[in-house]
Amino acid sequence: MSALEVANETLSRWKDLWEANPQLLASVFRFIYVVWQHRLEHKNLIDTTRGNDEFWTNVVAVVKKELSPNLDYETETFIILDDECRSSLHEAVSVQSYRNMVKSYAVRVIGQAIFLQPQSGSCEPAKKPLSYSKLAPSFKSEDQLNELILEAKSTSYDPSLSNKLAAQLQQDFPGLSLTHLQLQDLSDERQFGDDFMFSIALLRSRMQQCVSGDDMADAVEEVEKRITSLNLNLSLTYAQTTLMESWQFLLHQVLPFVRPVPEIRDMMAKLHGTRLNLLLSILEVVWFSDSDTDKHITSFMNLVDNIHKVLLNEAQPPSQSFLGQLSVPFHQILLQVIYFRAVDATLPLVIDALRLTFDSARTQLDLDLERDMELLFAVFDQCTRPDINVSSVTWLTRCQDPDVIKSSLESLTRQM
C-alpha cells in the first residue's frame, strides 16, 4: 500500500483526529496536497483518487466542518503544560490554528483536483470533476455559502499587540528588540501557539539578568505575557490567512462551472477586501514603527514595491468596485493601500475613478461618494508630487482627456 493510499485511508477517521489531534490531521492533508502538486510523479495514484467517491466525501465534509468562534489570544495567566510554563490559552489557540490549516489544505486539494481535471474539446462544455460535484451543493445553498464566506474572511489580526510590546520594550528594556527574539524557522515548520514567531526560551534567558527587584520582575512578566499574546495572535492570523488564500485559489478553479452565480463573485470580492485590510494593517504597523534599521526599511520597500501588482489583478479589477458592480466594494481599502506607494502608473486608475465619482456626485448625495473623493484626492496628490511626476503637463493632459477637470467643476457648482 502506497503512502498516499495510507493517507487517504486515514481520512476515514478524520472526525476523531479533528477532535483529538488536529496537528496530525493537518500533516496528513498537507501530504495529500503535496502529492497532488507533484502529479506527474504520482499520476496513477492521483487518477485512482480522482474518482474515489469516499475520499471526496470526506474531504468535502472537512471543508464544511464548522470552526469554533474566534478565540481570545491575550495571555492573562500561565500554567504548567507538559513540564513547560505555557500561556493558559496556548492549547486552545494551537488546536484552532491547526483546524484552520486542516480546512485550508482540504480546500486546496479540491482546487488542485479541479485544476488538474483533463480538459474536454473546445466545443464541449467543461466536465465537472467529482471533487467539484461533491462541493457544488454548498455553492447553491445561500446559508451554507454565507457560512463559508464568513469563515474564510475571518481574521484575528491585532496590530495593537506589537505596538504595545514595542513601547514597553523601549521603556523598560531599551537594549532588547523583537528582532533579537524572532525564530528563523520557516513559517510552515513552526508549531502554532505561544511560541510561534518569537522565542519564549530566548526571552527568558535574556530576562534573567534583568530581574533585580519586584518592580523589574513585574515588568518581565508583563513582557512575557505580551509576547505570548502576540505569538498566539499571529498563529491564528497565519492559519486564517492561509485558509483565505486557499478559498481564493479554489474559487478561481470553479469559475468555469459557476459563472452565472453572482454569490461566487461576491465571495471572491469579500475575500479580496479582507486581504487588502490585512495588508493595510501591516503597512500601517511598519510605517508607524519606531524601528529604522536597514533590514526593516528594505522589507518595507519590497512590500510596497509589489502593491502595484494588486492593480493588475485580473480576477478582481478595481474598476468593478468603483462602478458599483460588486455588493461588497473594496476600492476604499485599495486606495488607502495605494497611498503608501503612489507611482506614475497608478495615475490612470485614479483619474478614471475621479471621473466616475464626479459623474455620480452630480446626480446623488452619498457619504460613500464623499469618502471616495477624499481618498482619491489624497492619492491623486501623492501621484502628482514633483518627485513622482516631474512635469505637470503629463498629468494635466491625462485629466483633460476624460474631462475630469470639467466634471469636477460641474460637481462643485452643483454643491454650491
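At residue 164 and residue 20, where each label point lies 7 Å from the Cα along Cα→Cβ, what is the point-to-point distance in nanometres?
Placing both labels 7 Å along Cα→Cβ, they lie 3.8 nm apart.
Please label the shape of the range 51-94 as rounded, prolate or oblate, based on the square roots a ≥ b ≥ c of the eigenvalues of the alpha-carbon gyration tensor (a/c under 1.5 means rounded; beyond that, a/b larger than b/c means prolate, else oblate).
Since a/c reaches 1.5 but b/c is at least a/b, the shape of the range 51-94 is classed as oblate.
Suppose the chain between residue 327 and residue 136 were pulled fully straight at 0.36 nm per residue; how much longer would it get relative to their current alpha carbon spacing?
Answer, rounded to one decimal: 66.6 nm.
What distance in nm lies between label points placed 7 Å from Cα along the C-beta direction at residue 320 and residue 188?
According to this spin-label approximation, the distance is 2.9 nm.
Here, each number is a calculation from the coordinates, and none is a lab measurement. If you're wondering where the values come from, they're calculated on a predicted model, not measured in any experiment. Note that we place each Cβ from the backbone using ideal geometry, even for glycine, and neighbour counts take in every protein chain shown.
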